[in-house]
1. Take residues that are touching a residue at least 60 places away in the same chain (Cβ under 8 Å) and tell me which of the strands (runs of 3 or more DSSP E) falling wholly in segment B:9-112 contain 1 or more.
2. Would you mind finding the one in B:TYR24, B:TYR48, B:TYR31, B:TYR97 that is modelled with pLDDT under 95, more than 9 Å from chain A (Cβ to nearest Cβ) and closer than 23 Å to A:MET46 by Cβ?
3. Check A:SER113, A:SER65, A:SER55 and return the single one that is touching a residue at least 40 places away in the same chain (Cβ under 8 Å) and more than 28 Å from B:TYR48 (Cβ to Cβ).
4. Open to solvent by less than 80 Å² (accessible area, probe 1.4 Å), in contact (Cβ under 8 Å) with a residue 12 or more places away in the chain and either of a type in the set (Lys, Arg) or away from chain B (no Cβ under 12 Å) (or both): is that true of A:LEU73 in this structure?
5. How about segment B:39-98: which of its residues are loosely packed, with under 11 Cβ neighbours inside 10 Å, on the phi < 0 side of the Ramachandran plot and among the polar types (S, T, N, Q)?
6. Among (1) of a type in the set (Gly, Ala, Ser); (2) more than 12 Å from the chain's Cα centre (by Cα); (3) at pLDDT 95 or above, there is one condition B:GLY105 misses while meeting the rest; what is its number?
7. So in segment A:88-115, with the set limited to residues that are more than 7 Å from chain B (Cβ to nearest Cβ) and in contact with an Asp or Glu (Cβ under 9 Å, 6 or more places away or on another chain), which one is surrounded by the fewest Cβ atoms within 10 Å (Cβ to Cβ)?
8. Go through (1) within 11 Å of chain B (Cβ to nearest Cβ); (2) open to solvent by 70 Å² or more (accessible area, probe 1.4 Å); (3) under 22 Å from B:TYR97 (Cβ atoms) and name the single condition A:ASN57 misses.
Amino acid sequence: DTEVTQTPKHLVMGMTNKKSLKCEQHMGHRAMYWYKQKAKKPPELMFVYSYEKLSINESVPSRFSPECPNSSLLNLHLHALQPEDSALYLCASSQEVTEPKNIQYFGAGTRLSVL
Amino acid sequence: GEDVEQSLFLSVREGDSSVINCTYTDSSSTYLYWYKQEPGAGLQLLTYIFSNMDMKQDQRLTVLLNKKDKHLSLRIADTQTGDSAIYFCAESIKGGYNKLIFGAGTRLAVHP
């Protein structure tokens, strides 16, 4: 089983709203990732968690706040977003962040629209 | 530098073979990956190859790696309409954290 589950599948929010994206995996992976993907572009890395600790923040604005409550769950809290933040948000996981165990498995994504 | 390049579009007839090409620049890459993305969906890992290999075959998929030229290709035999998707090549950059560098993606269109 290489399943990464993301909820919700679709989300529409206003610029003053607060919402959260959720990601779950039960593969025993200790690394989890958030990516942002704009239309017709490859995914861009946002955050990396390793053993439930934030390892990498790719200079993401503070209106995006990640959280890793336990080894199976990863959240992305959203607040005061801008219309240009509309995108597909992908979660991924891997056994570890370093080779040879960093093959990343992706979820189906949450399509976010900011009005 | 880190850069992965792919052609943007490929059109093939159903039943023919498709070949999607990719070039990368980082010679320290140890793993290279092919992901498939169908419309509105996430990325599905298709296959990967370790850099000390030249070829890997998995059912209809064949990956060829020319490490000297930093060239990777994905061949899909007997291409079907369900293979229509965007295919991303990615390299794993070795370091304290292994970062995936994606190409821009190749859109494969399969027509009857």
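The values are calculated or read from the model by the stated rules, or taken from the named source; none is laboratory data. Quantities reported herein were computed from a predicted structural model and do not represent experimental measurements. Ideal geometry is used to build each Cβ from the backbone, glycine not excepted, and the neighbour counts take in all protein chains shown. In case anyone asks, the SASA skips ligands and DNA or RNA and just uses the protein heavy atoms, side chains included. Shrake-Rupley method; radii C 1.70, N 1.55, O 1.52, S 1.80 Å.
1. Strands (runs of 3 or more DSSP E) meeting the threshold: B:9-13, B:18-24, B:31-37, B:85-93, B:99-102, B:106-111.
2. Working: B:TYR48 fails: more than 9 Å from chain A (Cβ to nearest Cβ); B:TYR31 fails: more than 9 Å from chain A (Cβ to nearest Cβ); B:TYR97 fails: more than 9 Å from chain A (Cβ to nearest Cβ).
One residue alone meets the criteria, B:TYR24.
3. Working: A:SER65 fails: touching a residue at least 40 places away in the same chain (Cβ under 8 Å); A:SER55 fails: more than 28 Å from B:TYR48 (Cβ to Cβ).
Just one listed residue meets the conditions, A:SER113.
4. Considered against the rule, which asks whether it is open to solvent by less than 80 Å² (accessible area, probe 1.4 Å), in contact (Cβ under 8 Å) with a residue 12 or more places away in the chain and either of a type in the set (Lys, Arg) or away from chain B (no Cβ under 12 Å) (or both), A:LEU73 comes out as yes.
5. Once the filter is applied, which keeps residues that are loosely packed, with under 11 Cβ neighbours inside 10 Å, on the phi < 0 side of the Ramachandran plot and among the polar types (S, T, N, Q), segment B:39-98 yields B:ASN52, B:THR81.
6. Among (1) of a type in the set (Gly, Ala, Ser); (2) more than 12 Å from the chain's Cα centre (by Cα); (3) at pLDDT 95 or above, the lone unmet condition for B:GLY105 is (2).
7. Top of the filtered list is A:VAL114.
8. (1)
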